[in-house]
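Below you'll find the structure, written out as structure tokens, and then a few comments.
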Amino acid sequence: MDTLTLSDREWQMDEFDLLVVGGGINGTGIAADAAGRGLSVLLCEQKDLGWATSSSSSKLIHGGLRYLEHYEFRLVSHALAEREVLLKNAPHIIRPLRFRLPHRPHLRPAWLIRTGLFLYDHLAKRVSLPPSARVRMHDPSPLLNDVDTCFEYSDGWVDDARLVSLVAQQARDKGAQICPRTRCSAVQRQSDHWLVELTSGTGEKRPVKAKVLVNAAGPWVGRFLQQGVHQQSQNHIRLVQGSHIVVPRIDDQSYAYILQHTDGRIVFVIPYEQHFSLIGTTEVEYQGDPAKVQISAAEVDYLLSVVNSYFKIKIAATDIVHSFSGVRPLLDDNQQQAGKVTRDYRFELSGAKDQPPLLTVFGGKITTYRRLAQAAVNKLGEFLPAMGRPWTAAALLPGGDFTSLAALQSELWQRYPWLDRSVLDRYARQYGTLSHRILQDCQAVEDLGEHFGQGLYRREVDYLCQYEWASTTEDILWRRTKLGLHMNQSQQLQLQRFMDKE
């Protein structure tokens, strides 16, 4: 990281109450919470919003059933409570998902599973989801014949990358400046403020002042501390690689599965994008550059082995249509095994009384992002006494203002009968009522502009670039939408040519 050489008196610059470094779910959540309390906020992200850890999760809003075995009752309770909040606030991109846990007595006894599920049902108030149950399996069953019993429970599914985008939009709607592809290239502590240099992807430099600096850089949180502000920490991040594979749908039912393995770990099999199954995750110690993480052959073999030990349909590496890996920046609690490292979070607030503060975020999980953000901003109250009260618990995310997904889909069918229902249904699931912003003033499919394939039209691409900070084909096909799974190479190249030209 560069060193500032100019004094702030020589620079004409904007001033903010809060500058957030990191555009993942924690950073955008903090920006939204703070902006909604009346603070002036700028968020910078070195690449696309949510491009790293926050778009590489297992796509679950859950309490974390397996964390009960590690006695993390407080974490599970908080996550279960947040599950209810998020199901209510983002019904377009978060929805209930019923899980089946096949019982194999030699891995975990039935009494232990029943006890865990009882706690899972009662550690927090459950409003929208049914309780757990034990069910007998009957043919036709997708599971092997030696699995005659499953335990069922409910959690939530989320489009993680879209969650980041919607929270960023929420922050912008409250007045925050959101600056993706903008690197925090130099930092200097002054007597009563931070002096920060931001560098855009084109090399343009922008100096700003901030009363408070928030380090929400995820896997880069330690690097920012050491190289950015030249500060050591008593807390440390442990990088754990999690990889997933996507294959054609294994089971045509709507259930997800949580599979136990002999090493004590679990693997999820989740219905994904109508026609696929998402399988993951792995938990491997990671030492390299978080930007270069990739699934390994050993991880592929591991996931295939676990799934094939449960399902009648056998899958091979040749069936994999997509894979992704992410690095989880977990709070290091000195556990020997990566799978046992806590998913909880911790803050570190540094700075003497006569210095501007730095708040660093260690750990966290996507389910508790809103709670983390609220706690982070609360912690800064003594430095920013004019801020308002917490507000996000009852705040719908953009596009979430509808009574039910089915009702919204029906409304879109009636209002835009000229557009294929499968496209309208996808709009409802991704954009909610913001679908009307994409389709406004359109009277026929020709009004949507160039068709790139699989229901992606220029109108949607323009919307994503104008309102959701998308600027590359990857942004559009893999984060703002998941159409990369459905479009062939020719269609993707057509979009690439358009993006290069426009």
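Are any residues in the range 125-140 in contact (Cβ under 8 Å) with a residue 12 or more places away in the chain and either over 27 Å from the mean Cα position of the chain (by Cα) or open to solvent by less than 20 Å² (accessible area, probe 1.4 Å) (or both), and if so, which ones?
Listed by number, the residues that qualify are LEU129, ALA133, ARG134, VAL135, ARG136, MET137.
Does the range 456-466 contain any residue that is modelled with pLDDT of 95 or more and in contact with a Lys or Arg (Cβ under 6 Å, 6 or more places away or on another chain)?
yes
Of all the residues that make up the range 141-151, how many are touching a residue at least 60 places away in the same chain (Cβ under 8 Å) and assigned to a strand (DSSP E or B)?
Here the count works out to 1.
How many of the residues in the range 450-478 are under 22 Å from THR28 (Cα atoms), open to solvent by less than 20 Å² (accessible area, probe 1.4 Å) and in contact with a Ser or Thr (Cβ under 9 Å, 6 or more places away or on another chain)?
The number of residues fulfilling the criteria is 3.
Given ILE295, ILE279, which one is open to solvent by less than 50 Å² (accessible area, probe 1.4 Å), touching a residue at least 40 places away in the same chain (Cβ under 8 Å), within 27 Å of MET487 (Cα to Cα) and hydrophobic (A, V, I, L, M, F, W, C)?
On inspection, the qualifying residue turns out to be ILE295.
Quickly run through the range 110-124 and pick out the residues that are surrounded by 12 or more Cβ atoms within 10 Å (Cβ to Cβ) and out of contact with any Ser or Thr (no Cβ under 6 Å at 6 or more places or on another chain).
Of everything in the range 110-124, those that are surrounded by 12 or more Cβ atoms within 10 Å (Cβ to Cβ) and out of contact with any Ser or Thr (no Cβ under 6 Å at 6 or more places or on another chain) turn out to be ALA110, LEU112, ILE113, ARG114, THR115, GLY116, PHE118, LEU119, TYR120, HIS122.
Starting from residues that are under 27 Å from the mean Cα position of the chain (by Cα) and under 18 Å from CYS442 (Cα atoms), keep the ones in the range 413-430 and report whichever is surrounded by the fewest Cβ atoms within 10 Å (Cβ to Cβ).
By that ranking, first place goes to SER422.
Tell me, which helices (runs of 4 or more DSSP H) wholly within the range 346-455 include 2 or more residues that are modelled with pLDDT of 95 or more, under 26 Å from LYS482 (Cα atoms) and not aromatic (Phe, Trp, Tyr)?
405-415, 421-431, 435-439
From GLY222, GLY218, GLY228, which residue is on the phi > 0 side of the Ramachandran plot and either out of contact with any Phe, Trp or Tyr (no Cβ under 8 Å at 6 or more places or on another chain) or in contact (Cβ under 8 Å) with a residue 60 or more places away in the chain (or both)?
GLY218
Could you please tell me which pairs satisfy a Cβ distance under 7 Å, a separation of 6+ or placement on different chains, a first residue in the range 444-466 that is touching a residue at least 12 places away in the same chain (Cβ under 8 Å), and a second residue that is basic (Lys, Arg)?
These pairs meet every condition: LEU448/ARG458; LEU448/ARG459; GLY449/ARG458; GLY449/ARG459; GLU450/ARG458; GLY455/ARG426; TYR463/ARG437; LEU464/ARG480.
Look through the range 207-247, keep the residues that are among the basic types (Lys, Arg) and modelled with pLDDT under 95, and return whichever of them is least open to solvent (accessible area, probe 1.4 Å).
ARG238
Regarding the range 210-228, can at least one residue be identified that is touching a Ser or Thr at 6+ places or on another chain (Cβ under 8 Å) and over 18 Å from SER185 (Cα atoms)?
No: the range 210-228 contains no residue that is touching a Ser or Thr at 6+ places or on another chain (Cβ under 8 Å) and over 18 Å from SER185 (Cα atoms).
Scan the range 9-26 and tell me whether some residue there is out of contact with any helix residue (DSSP H, G or I) (no Cβ under 9 Å at 6 or more places or on another chain), crowded, with 22+ Cβ neighbours inside 10 Å and either more than 30 Å from LEU477 (Cβ to Cβ) or modelled with pLDDT of 95 or more (or both).
Checked against the condition, which is being out of contact with any helix residue (DSSP H, G or I) (no Cβ under 9 Å at 6 or more places or on another chain), crowded, with 22+ Cβ neighbours inside 10 Å and either more than 30 Å from LEU477 (Cβ to Cβ) or modelled with pLDDT of 95 or more (or both), the range 9-26 yields at least one hit.
Does VAL307 satisfy the criteria of being surrounded by 18 or more Cβ atoms within 10 Å (Cβ to Cβ), among the hydrophobic types (A, V, I, L, M, F, W, C), closer than 20 Å to THR262 by Cα and at pLDDT below 95?
Spelling it out, it is not the case that VAL307 is surrounded by 18 or more Cβ atoms within 10 Å (Cβ to Cβ), among the hydrophobic types (A, V, I, L, M, F, W, C), closer than 20 Å to THR262 by Cα and at pLDDT below 95.
Could you tell me whether the range 153-173 includes any residue that is at pLDDT 95 or above, among the acidic types (Asp, Glu) and assigned to a strand (DSSP E or B)?
The answer is yes, given that some residue of the range 153-173 is at pLDDT 95 or above, among the acidic types (Asp, Glu) and assigned to a strand (DSSP E or B).
The values are calculated or read from the model by the stated rules, or taken from the named source; none is laboratory data. Computed from a predicted structure; not experimentally measured. As a convention, Cβ positions derive from the backbone with ideal geometry for all residues, glycine included, and neighbour counts pool all protein chains shown. For the accessible areas, the whole protein counts, side chains as well, though only heavy atoms, and no ligand, DNA or RNA atoms are used. Shrake-Rupley method; radii C 1.70, N 1.55, O 1.52, S 1.80 Å.
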